[in-house]
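A short write-up of the structure that comes next.
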Amino acid sequence: PEARQAVPDRVPATTDAARPALPRIVLAVGLLKGSKLDEVARAAAEAGVSAIVPLRTERTVPSGDPAARVARLGRIVAEALGQSGSPVATRVLEPAGLGDLVREWPAREGRLLVVFHESPLAEMSLHRYCSSEPDEIVACIGPEGGFSAAELELLAGHGYRPAWLGPNVLRAETAAIFALASLRIVCLERPSWSTTKYNG
C-alpha cells in the first residue's frame with residue numbers, strides 16, 4: 001500500500017485508493033455583507049473544506065450579531081454536507097482577526113499559507129506552490145475592497161504567500177469560490193503534471 005494512505009490529515013478524494021489525496025483546506029475569508037458569506041460557506045462545504053474562519057479586517061463592514069451569523073453559517077454548512085455527501089465535516093469557527101489567524105495557523109513544514117490578492121503579486125503559480133505536496137492549505141481571501149497594505153504586510157511576515165486569480169476583478173465571494181476550485185483541481189491533478197522543461 002502507498003504511504004499516502006497512512007497520513008491522517010489527508011482526506012481521500014475518492015474511494016479509489018489509487019487517486020490522489022486532498023490536503024486539509026482551511027478557508028479564511030473576510031466577513032462579507034448580507035448573505036454573500038452564505039454562498040461561500042455552502043460552496044466550501046461541498047468542496048470538502050475542513051474549516052471556515054470568518055475574518056474581521058480593516059475593511060469589514062459590521063453586520064448583525066456575529067454569533068447569529070456563525071450559527072446561520074453552521075446550518076447552511078450542515079445542509080450542504082447532507083446534499084453533497086462530502087466526507088469532510090466542515091466546521092465554521094468564530095470570527096477572528098488576522099492576528100488570531102496567524103497565531104492559530106503559523107507557518108510549519110507541510111502547511112501552505114496563501115493569500116489571494118487582486119493584484120499580480122504572486123511569487124509563483126499555484127502549481128509551484130502546491131508542488132511540495134502540503135498536508136494542509138490555509139487560503140486567505142479579503143472582504144469587499146480587499147486587504148489593506150498593512151494587513152498584507154502582516155500576512156507576508158507570517159509566511160503567507162501571495163496568489164493571483166487572473167486579471168478580471170472578482171467579487172469577494174466569487175474570488176473565494178474560484179480560489180477553492182483552483183486549489184482542488186491543482187491538488188487533484190498533481191500526479192499528471194509534466195515536469196519536462198521545453199527549450200524553445
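Every test in (1) of a type in the set (Gly, Ala, Ser); (2) open to solvent by less than 70 Å² (accessible area, probe 1.4 Å); (3) in contact with a helix residue (DSSP H, G or I) (Cβ under 9 Å, 6 or more places away or on another chain) is passed by Ala89 save one, and that test is (2). Please verify whether Val49 is in contact with a Leu (Cβ under 6 Å, 6 or more places away or on another chain), in contact (Cβ under 8 Å) with a residue 24 or more places away in the chain, part of a loop (DSSP other than H, G, I, E, B) and within 20 Å of Arg184 (Cα to Cα), treating the condition exactly as stated. Yes. Pairs are defined by a Cβ separation below 9 Å, a sequence spacing of at least 6 or placement on different chains, a first member in region 29-46 that is on the phi > 0 side of the Ramachandran plot, and a second member that is surrounded by fewer than 24 Cβ atoms within 10 Å (Cβ to Cβ); the pairs so defined are Gly34/Ser63.
Can you pull out every residue in region 163-178 that is of a type outside the set (Phe, Trp, Tyr) and either part of a loop (DSSP other than H, G, I, E, B) or surrounded by fewer than 19 Cβ atoms within 10 Å (Cβ to Cβ) (or both)? Result: Leu165, Gly166, Pro167, Asn168, Val169, Leu170, Arg171, Thr174. Looking across region 62-86 at every residue that is polar (S, T, N, Q) and part of a helix (DSSP H, G or I), the one that is surrounded by the most Cβ atoms within 10 Å (Cβ to Cβ) is identified as Ser84.
Considering only region 132-139, I want to know if a residue exists there that is surrounded by fewer than 17 Cβ atoms within 10 Å (Cβ to Cβ) and farther than 23 Å from Arg161 by Cα. No, region 132-139 contains no residue that is surrounded by fewer than 17 Cβ atoms within 10 Å (Cβ to Cβ) and farther than 23 Å from Arg161 by Cα. Scanning region 66-100 for residues that are over 27 Å from Leu154 (Cα atoms) and charged (D, E, K, R) yields Arg72, Arg75, Glu79.
Selection of region 124-145 for residues being part of a loop (DSSP other than H, G, I, E, B) and either over 19 Å from Cys187 (Cβ atoms) or among the hydrophobic types (A, V, I, L, M, F, W, C) (or both) yields Met124, Gly142, Pro143, Glu144, Gly145. Taking region 132-151 as the range and being touching a residue at least 24 places away in the same chain (Cβ under 8 Å) and closer than 19 Å to Arg108 by Cα as the test, the residues that pass are Glu133, Pro134, Asp135, Glu136, Ile137, Val138, Ala139, Cys140. Scanning region 121-129 turns up no residue that is open to solvent by less than 70 Å² (accessible area, probe 1.4 Å), of a type outside the set (Ser, Thr, Tyr) and at pLDDT 95 or above. Cβ-Cβ contacts under 8 Å between residues 6 or more apart (or on different chains), taken from a first residue in region 160-184 that is within 19 Å of Tyr129 (Cα to Cα) to a second residue that is open to solvent by 80 Å² or more (accessible area, probe 1.4 Å) and in a helix (DSSP H, G or I), are listed as Leu165/Phe178; Ile177/Glu39.
Residues in region 148-157: is at least one open to solvent by 70 Å² or more (accessible area, probe 1.4 Å) and either at pLDDT below 90 or not aliphatic (A, V, I, L, M) (or both)?
Yes, the conditions are met somewhere in region 148-157.
The values are calculated or read from the model by the stated rules, or taken from the named source; none is laboratory data. Computed from a predicted model, the values in this text were never measured in an experiment. Methodologically, a virtual Cβ is constructed for each residue, glycine included, from the backbone with ideal geometry; neighbour enumeration extends over all protein chains shown. Calculation scope for accessible area: heavy atoms of the full protein, side chains included, ligands and nucleic acids excluded. Shrake-Rupley method; radii C 1.70, N 1.55, O 1.52, S 1.80 Å.
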